[in-house]
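Below is one structure, written out as structure tokens, with a few remarks after it.
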Amino acid sequence: EIRAVDPAGENGLILEGMPIVYDQPAQIKDIFGEYTEIIRRGALDGADLSDTRLLYNHDLNKVPLARTPKTMQLKVDPAGLKMTANLPDTVEGQSVYTAVKRGDLSGMSFAFKVPKGGSSYDPKTNTRTITKIEKVYEVSLAPFPAYPTTSVEARSAIVESRTKFQEAKIKVNQLLKKGW
């Protein structure tokens with residue numbers, strides 16, 4: 001899932017997500033047919049993340065929503081690739097942020113380059129295994145991602161639920177002080 005992460009837009013329209021998750025099989029459908037793909041842990045070690053764009057559904061015809069390193073940060077961790085992006089305060093940026101916050105948009109996808117020898121194919125299992133990614137060109141917010149375990153979230157949704165919980169705790173404590 002994707003998260004909108006900025007409470008009340010104080011710091012802008014911030015999204016956090018996981019566009020690449022290691023060791024999770026995905027069914028890929030392309031012009032050559034359908035196959036299983038797995039990106040192995042460590043495949044992003046040394047990958048070029050210096051000029052990566054955030055798009056909606058891989059649409060290269062639209063203005064990017066964010067770009068590394070200024071408005072989007074990408075970080076490789078043991079689970080895969082983490083993303084934090086500050087969306088523009090535009091109609092499209094607000095629409096995407098709202099869709100994520102409501103849970104209507106919850107997955108991510110990506111476009112990348114695999115160097116020679118960076119992947120293998122097993123015809124018996126119809127599986128492509130990626131062991132090395134040279135460059136990540138773009139990450140996308142996607143309504144139907146190939147990798148169902150990818151995620152994106154809006155920060156305010158998390159903060160709102162925490163805030164409501166804190167407010168409820170305060171009310172309970174006030175009632176207890178009054179002798180309820």
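The values are calculated or read from the model by the stated rules, or taken from the named source; none is laboratory data. Source: prediction; values computed, not measured. Here the Cβ is made from the backbone with ideal geometry for all residues, glycine too, and neighbour counts use every protein chain on show. Areas reflect the complete protein model, heavy atoms only, side chains present, ligands, DNA and RNA absent. Shrake-Rupley method; radii C 1.70, N 1.55, O 1.52, S 1.80 Å.
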Filter result (open to solvent by 50 Å² or more (accessible area, probe 1.4 Å), under 12 Å from the mean Cα position of the chain (by Cα) and over 16 Å from PRO145 (Cβ atoms)) within segment 70-101: GLN73, LYS75
Counted residues in segment 102-130 being open to solvent by 70 Å² or more (accessible area, probe 1.4 Å) and more than 28 Å from ASP51 (Cβ to Cβ) come to 6
Which numbered condition ILE133 fails, given (1) among the hydrophobic types (A, V, I, L, M, F, W, C); (2) open to solvent by less than 70 Å² (accessible area, probe 1.4 Å); (3) modelled with pLDDT under 90; (4) in a loop (DSSP other than H, G, I, E, B): (3)
Among (1) at pLDDT 95 or above; (2) surrounded by 14 or more Cβ atoms within 10 Å (Cβ to Cβ), which single condition is TYR35 missing? (1)
